[in-house]
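Colleague: Before we start, here is the structure in question, set down as structure tokens.
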Amino acid sequence: MPLPDGARSPGVVYTDRAGSSGYTNGTFEFDNGRCTPRQPGAGDGGRGDGVLLDVGGLKMSDLDSEVLPLPPRYRFRDLLLGDQPFPNDDRVQVEFYVNENTFKERLKLFFIKNQRSSLRIRLFNFSLKLLTCLLYIVRVLLEERSQGVGCWGCPKQVYKFNGSSSEFHWAPILWVERKMALWAVQVIVAMISFLETMLLMYLSYKGNVWEQIFQVSFILEMINTLPFIITIFWPPLRNLFIPVFLNCWLAKHALENMINDFHRAILRTQSAMFNQVLILFCTLLCLVFTGTCGIQHLERSGGNLSLLTSFYFCIVTFSTVGYGDVTPQIWPSQLLVVIMICVALVVLPLQFEELVYLWMERQKSGGNYSRHRAQTEKHVILCVSSLKIDLLMDFLNEFYAHPRLQDYYVVILCPTEMDVQVRRVLQIPLWSQRVIYLQGSALKDQDLMRAKMDNGEACFILSSRNEVDRTAADHQTILRAWAVKDFAPNCPLYVQILKPENKFHVKFADHVVCEEECKYAMLALNCICPATSTLVTLLVHTSRGQEGQESPEQWQRMYGRCSGNEVYHIRMGDSKFFREYEGKSFTYAAFHAHKKYGVCLIGLKREEHKSILLNPGPRHTLAASDTCFYINITKEENSAFIFKQEEQRRRLGCAGQALYDGPSRLPVHSILASVGTVALDLQNAECRPPQGSAGSKLALPTENGSGSRRPSIAPVLELADSSALLPCDLLSDQSEDETTQSDDEGLSVVEYVKGYPPNSPYIGSSPTLCHLLPVKAPFCCLRLDKGCKHNSYEDAKAYGFKNKLIIVSAETAGNGLYNFIVPLRAYYRSRRELNPIVLLLDNKPDHHFLEAICCFPMVYYMEGSVDNLDSLLQCGIIYADNLVVVDKESTMSAEEDYMADAKTIVNVQTMFRLFPSLSITTELTHPSNMRFMQFRAKDSYSLALSKLEKRERENGSNLAFMFRLPFAAGRVFSISMLDTLLYQSFVKDYMITITRLLLGLDTTPGSGYLCAMKISEDDLWIRTYGRLFQKLCSSSAEVPIGIYRTECHVFATSEPHDFRAQSQISVSMEDCEDTREVKGPWTTRAGSGGSAHGRLSGSGGGDPVEPPPLRRKSLQWARRLSRRGPKQPGKAAAAAAAEWMGQQRLSLCRRSERQELSELVKNRMKHLGLPTTGYDEMNDQQNTLSYVLINPPPDTRLEPNDIVYLIRSDPLAHVASSSQSRKSSLSHKLASCNPETRDETQL
């Protein structure tokens, strides 16, 4: 291998022909490339044992052949002992940077290059200049004018000024009285300053001496030092006046250099604003001091002013006041005043201009967060790439909603300049005292130091979801997280990631929220547990439950009150809620805590385990060290308890006390959120296991079914009894599938297996046990609209699916879409409840995504767009119950921010008109745009809700949009509403874990899952939510957490026209009656499952579709309105009648419009060759409203078609049950199953 230029073989000594030597590091020796033979003893001390080569005409091959090998006796020993000195060692030790060893370089290193020593030199120089100014003042104060003035050793003469004449004497100006000791001190100081100046001039010489001589600082040094040195050799000049006060300008110059060195040496930078203010102050001080000393000295020949009088004159003159009581008397002092004013007019504006510029720049960049405040006060840092007003207000409202965070400061670090809206908000006194905006980058240590990141309590790093390239936005977030972790490793990190494949890059962060993971899992649960998005959004928002309390609508008051429920935690041994249930089963504690205090216990965490378990089941016994997680209006620490008298407690129910075989428990009533409790009628309730012939677990008990008395419910046992629980071993339900499949005629039987998906599309996905195909489906079979050699189906009708479709419209098949499929194919969902999933994609999916989904049963894709009617019809939209429209990345960025959702909203509105019975769940970029979903311009009820939203926003509500009907019904969702999940995790570090467990993103062994069940007419014997709570806890160990309620509503208008209200009621009833049609399994828009968002369906698939009855209060109110109608005056009655006719005409026009849309859809279906029998154009839901009640009071009345949210215990926790229990479980399932079973528990 040839050596580089200038490199030489090891073991050879080279010398230059000129006798100069190069340098070597023991392996290669470098010089100018010219080598000659070296004489023995010339360069090696006379030893002559070096190898001498003349490489002038040799090639590299010749050089290699001339290199002698090492002696054999050194080879192995050198490996063991390292480099050992041995005889004939020709190695030369070379010193590097010998040019810095000269005396000049050493002086330069000490005076200039070294930061700390240079700082000391400049500090000494600054002190020396201040000392000369002080000596000048001392000389002036010690001078005695009465003795006269003159040169050293000359006779003194007294000069007097004649005010009437303009003549004056120069002698008092040229000569001063200087004491001998003072002169000696000034001479010493002048010599030191002179020597230092000359030394620095020599060290900084760069070839042009005149440039250094004509510097202002050098000229001033010479003026103030050379005359003192001359007086040493010429004594008569010792009384010569020397303007030593000019050293103040040199002191100012030294101070500026000292500040720069101070920043370099200690790395503690002050702001540029502080430096400029300091320089401006020093400039003013130097001007005033120079003017004071100059005028005082020149006026020695005139008015003989003192230092104080001269200082007064300068202040009055420079402040432009000019009293005129003190004036210069001679022309030299007058000339000096003119010069000083001109200098001030030139220098000060320049200084002020620089100061104003820095002030404006500081307003843009935000300044600094001081180190003192960071050490004495708490602050968090918010890092974003661009700050929008919506994001800022969501963060501030949620962050400061917690009482213990009121004293925290928020430091915003953003690389862009603050926009007008953000600036206007931050000027509000509420936020201006607590929010600090810094313009800077998290990738710069200087900006992180400005934000005092190392002293921060937490750092929130948010991604910019409005970027077109979301992957690039994630990359920026990852770099910010790395930079913060490198700079402040002890600062807790809260990171938001958009794409799930980028999550593992920030797994070191304390808390990470992946947007697409949560979004798709929530949208999937919306299809089987309606309004899951609304449920989770309300749980992760901080609210006091005061929204809607002034509304005249009862549902708004109840909905707003229940929205204040949040998740809290407490140690069981320290809790008044749960302390008395130590040693009892989890379901026992959950039921009695809800009955007694109105709190809903949903999970716990063992002290020795880090995993949170949701509803661990009745076999879990509570311990004092457990951490309990519960849902309530407020946490227990902020609660007060009122204990009632013994007699009142006995009157509440003596029969209930006989149920408890333990010590008597006092029924304590909490005043939390005005939650009342009702004593359940548990008379003659016997604790017996359910019979195998029983139907659903909410079936009417036979022992109290005579009707003469209301039925009772079995009590919840303190300890688990395996025989009293319905076993739920879903791993052994193969026999169920085999048995029921025999009834399916004409369909091929496909066996499913349970296991973990073999291919995950990204790193970091949580493994979930799912229903899988025994053999992966070929990619060609995944295409819904095209046949292949394996099957010839080309539309959804040909497949003959038993259950309704779930259609997902997305732009691309991203990795997050995988999280939409997993919750719908989880192992705990019965095989007969699985809905076919159709992915309607704008772009063709890649090979990796198809490889990940080909193992799931009934998952198909199709290329098409949601704004194309043909694509919707081909993918089987008329056979679908749910359509999920995902926000497209290409539309998230628009010229006008809030227009990013325009295309999605219009497309969904079109589908809402074409398919009114379809449940459409839409994702929007901006939550404020949800008011345009299912928009009706002339709907008075929607206008009333808009006014309510504005009123709630004026009252400071963080959930002003919650009363919009699409959001309350769970039909619209924005991922930005989940930003509060990351903010809440700062106070509640368990919220992300609980949310992921609820959404099915994580599966912890022993932890339950979220599901839903529907209340039918046959289940109303339970009557109240509290009795339902007891029934579920005692029969199947399920914990209810809320209700999804659907009801017909009466338009409440503010106009006093009764006929109008009556006409609206009649139209609503008529529209409800129009939906009473018996539909087949394909034409029924609402199946028996709970995934229907507000659909009016019975419990059986073949039953007629009936709307829920109007509430009693609404009917009574309507009758009262109808009675009052004739009492109105004639004109008002005529106007009301005319308006009623208009409403009827509008209804007829609306029906004709529906018929036109129906004909359009049917014509397109005929053109595509699709059957038109499944299209139902008349099933409209516009007269129903749906909303979520989280943890309602126990006395809440159940209504038909209520859907109850449940946390069901983990089926795998009961795998160890006996075979008899498994047989019993199978018999119960077979008895309760229906061919049209959907995703809910059948009642």
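The values are calculated or read from the model by the stated rules, or taken from the named source; none is laboratory data. Not measured: the values here are computed from a predicted model. Cβ: placed from backbone, ideal geometry, glycine included. Neighbour counts: every protein chain shown. The accessibility values were calculated without ligands, DNA or RNA, using every heavy atom of the protein model including side chains. Shrake-Rupley method; radii C 1.70, N 1.55, O 1.52, S 1.80 Å.
Colleague: Expressed as a whole number of Å, what is the distance separating the alpha-carbon centroids of the range 934-968 and the range 895-928?
Modeller: The two parts, judged by their Cα centres, are 17 Å apart.
Colleague: Give, as a single signed number, the net charge of other residues whose beta carbon lies under 15 Å from the beta carbon of ARG238, with Lys and Arg counted +1 and Asp and Glu -1.
Modeller: Details: positive: ARG139, LYS156, ARG178, LYS179; negative: GLU143, GLU177.
Once positives and negatives cancel, what remains is +2.
Colleague: For LEU443 and HIS402, what does the FRET efficiency come to when R0 = 30 Å and r is the distance between their Cβ atoms, rounded to the nearest 0.05? List each step's numbers first, then the result.
Modeller: Details: r = 30 Å, r/R0 = 1.02.
With R0 = 30 Å, the Cβ-Cβ based efficiency is 0.50.
Colleague: Same structure again: For GLU1199 and HIS475, what is the calculated FRET efficiency with R₀ set at 56 Å and r taken between the beta-carbons, to the nearest 0.05?
Modeller: Details: r = 51 Å, r/R0 = 0.91.
Step by step, r from the Cβ atoms, then E = 0.65.
Colleague: Applying a 10 Å radius around every beta-carbon, put 424-435, 909-920, 400-411 in order of their mean neighbour count, most first. Numbers along the way, then the final one.
Modeller: Numbers: 424-435: 13.1, 909-920: 19.6, 400-411: 15.3.
Top to bottom by mean Cβ count within 10 Å: 909-920, 400-411, 424-435.
Colleague: What is the local net charge at ILE330, summed over the other residues whose Cβ is closer than 12 Å to its Cβ (Lys, Arg +1; Asp, Glu -1)?
Modeller: Working: positive: ARG300; negative: GLU167, GLU299.
With Lys, Arg at +1 and Asp, Glu at -1, the neighbours total -1.
Colleague: Here's another thing I want to ask about it. Using DSSP to define loop residues, name the GluC sites (Glu not before Pro) in the range 567-639 whose beta-carbon has at most 16 other beta-carbon atoms within 10 Å. Mind showing how you got there, number by number?
Modeller: Details: sites: GLU580, GLU582, GLU607, GLU608, GLU636, GLU637; in loops: GLU582, GLU607, GLU608.
For GluC sites (Glu not before Pro) across the range 567-639 that sit outside H, G, I, E and B with at most 16 neighbouring Cβ atoms in 10 Å, the list reads GLU582, GLU607, GLU608.
Colleague: Ranked highest first by average number of other Cβ atoms within 10 Å, how do 315-322, 458-465, 790-797 line up? It would help to have the intermediate numbers written out before the result.
Modeller: Numbers: 315-322: 12.2, 458-465: 23.4, 790-797: 16.0.
Highest to lowest by the protection proxy: 458-465, 790-797, 315-322.
Colleague: A further question follows. Quick one: divide the alpha-carbon radius of gyration of the range 167-245 by 2.2 N^0.38 Å and tell me what you get.
Modeller: On the way: Rg = 14.9 Å, N = 79, 2.2 N^0.38 = 11.6 Å.
That ratio works out to 1.29.
Colleague: Estimate the FRET efficiency between ILE223 and ILE428 by the formula 1/(1 + (r/R0)^6), using the beta-carbon distance for r and 60 Å for R0, to the nearest 0.05. The partial results should precede the final answer.
Modeller: On the way: r = 57 Å, r/R0 = 0.95.
Computed FRET efficiency for ILE223 and ILE428: 0.55.
Colleague: Net charge within 11 Å of GLN476 by Cβ-Cβ distance, Lys/Arg positive one each and Asp/Glu negative one each, not counting GLN476 itself?
Modeller: On the way: positive: ARG470, ARG480; negative: GLU467, ASP469, ASP474.
Net charge around GLN476: -1.
Colleague: What chymotrypsin sites (Phe, Trp or Tyr not before Pro) in the range 109-202 are in a loop by DSSP, with at most 12 other Cβ atoms within 10 Å of the Cβ?
Modeller: Numbers: sites: PHE110, PHE111, PHE124, PHE126, TYR136, TRP152, TYR159, PHE161, PHE168, TRP170, TRP175, TRP183, PHE194, TYR202; in loops: TRP152, TYR159, PHE161, PHE168, TRP170.
Answer in residue order: TRP170.
Colleague: Using a 1.4 Å probe on the protein heavy atoms, what percent of the accessible area of the range 304-406 belongs to carbon and sulfur? Could you put the intermediate results ahead of the total?
Modeller: Values: 3590 of 5680 Å².
In the range 304-406, the share of accessible area belonging to carbon and sulfur is 63 percent.
Colleague: As an exercise, identify the trypsin sites (Lys or Arg not before Pro) in the range 487-552 lying in DSSP coil whose Cβ has no more than 11 other Cβ atoms within 10 Å.
Modeller: Details: sites: LYS503, LYS507, LYS519, ARG544; in loops: LYS507, ARG544.
Of the trypsin sites (Lys or Arg not before Pro), the ones in loops of the range 487-552 whose Cβ has at most 11 other Cβ atoms within 10 Å are LYS507.
Colleague: Highest first, please rank the peptides 874-885, 529-540 by the mean number of other Cβ atoms sitting within 10 Å of their residues.
Modeller: My ranking of the peptides, most packed first, is 529-540, 874-885.
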